[in-house]
1. Please state the charge dipole magnitude for segment 95-226, taken about the Cα centre, from unit charges on C-beta atoms (+1 on K and R, -1 on D and E), reported in debye and rounded to the nearest 20.
2. If each of Ala250 and Thr115 carries a label point 7 Å out from its Cα toward its Cβ, how far apart are those two points in nm?
3. Return the whole-Å distance between the Cα centroid of segment 223-295 and the Cα centroid of segment 21-80.
4. To make sure I understand, if each residue's beta carbon is the centre and we count other beta carbons within 10 Å, what order do Arg331, Arg70, Arg228 fall in, fewest to most?
5. Rounded to the nearest 0.05, what FRET efficiency do Arg166 and Ala260 have when you use their Cβ-Cβ distance and R0 = 22 Å?
6. Could you check which residue among His48, His16, His81 shows the biggest mean-square fluctuation in a GNM of the chain with a 10 Å Cα cutoff?
7. Give, as a single signed number, the net charge of other residues whose beta carbon lies under 11 Å from the beta carbon of Gly178, with Lys and Arg counted +1 and Asp and Glu -1.
8. By counting other Cβ atoms within 10 Å of each Cβ, how are Ser234, Ser122, Ser216 ranked from fewest to most?
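Derivation of every value follows stated rules applied to the coordinates shown; laboratory data play no part. Because the structure is a prediction, the values reported are computed rather than measured. Here Cβ is always computed from backbone atoms with ideal geometry, including for glycine, and neighbour counts include all displayed protein chains.
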Amino acid sequence: MNTCFQPSRCGCIDIHTHVVPHDFPAYVGSRVDAPWPSMRDAQPCHRHVVISGSVYRTVSNQAWDTGVRREDMDRLGVERHVLSPMPELLSYWLDAEDGAMLSRYLNETLANMVTREPERFSALGAAPLQDMDCAIRELEFAMGTLGLAGIEVGSNVGGVPIGDPRFWPFFDAAQACGAAIFVHPLRPAGMERLVGPASLEQIVAFPGEIGLAAASIITGGLLTKFPRLRIALSHGGGAIQTLLPRMQFAWECQRGLREAIPVAPMEAARALYYDDLLYSATAIRALIETVGDDRLMIGTDYPFAIMDTDPAARVASLGLSDVVQEALRWRNAARWLGLA
């Protein structure tokens, strides 16, 4: 692992980019109906991700081809991508042994991408959080053997929020490994309340889901228990920005909450990191005012439909000082990744 990172070009680090492998190995487990992913040819330069016999998503070669990705990075003024699996591939619904096999394949795929161009890529792997022993083994392999920077985790595991104490053994191991943790919405709550096309899952449900995950981390006392953890929330933390004033007010007014929640919600929120994927300079400035300019990092959701297509210009539009812009462009991300 690098001990110090100094950008050679513009210095932008994009912490929120996803990978889908060109192929998956054939399923060799024992379940006939296991929702194991596979790939199928689509239109030129695209492939279908197939799960349980149905097309889950069609992705372009941006998802697996580092040459195409690098050209896009250069065009967008981004020096480094932090790679992580498409969240659905975390596959917490698989049996533990199957989940461990898929995580290992994803992690080796990511490590190979980083090995080919370490000056342009870092990676966050997968761990089968449906089983703590398997998850810790894969975390330690990903960090110790493959040299990944950390792990992407879903906002919930089978409906259990990521801040629940049952996941503390994993986070204890993550702290010991020095892993960066990236929390991403996964199978969000409230889908039955949406009216409209399927894409509303990402557009409308994701902000609420990541807000619930953030709240669980805060109210569950995760960072009090493991104060050296470096946890980042995708999608700007979603609804947590709206929830925080309510949580703080209630914490100050209600003795029961103060006894149950070890740290004031605002203080706990300022110990987390956030990407800036809020699509609005006003919203990003408000998040900076809430959590501090040392907590935000660039995140685009490359290469998917709702990606921010000009992250460097987004930061420039905020009207911040050069020092703060530099923090948002790369310094905060380098610290979160353990590169500085």
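1. With Lys and Arg at +1 and Asp and Glu at -1, about 320 debye.
2. According to this spin-label approximation, the distance is 4.9 nm.
3. 33 Å
4. By the 10 Å Cβ count, ascending: Arg228, Arg70, Arg331.
5. Values: r = 18 Å, r/R0 = 0.80.
So the FRET efficiency works out to roughly 0.80.
6. Between His48, His16, His81, it is His48 that shows the largest mean-square fluctuation.
7. Net local charge, Gly178 excluded: +2.
8. So the ranking, lowest neighbour count to highest, is Ser216, Ser234, Ser122.
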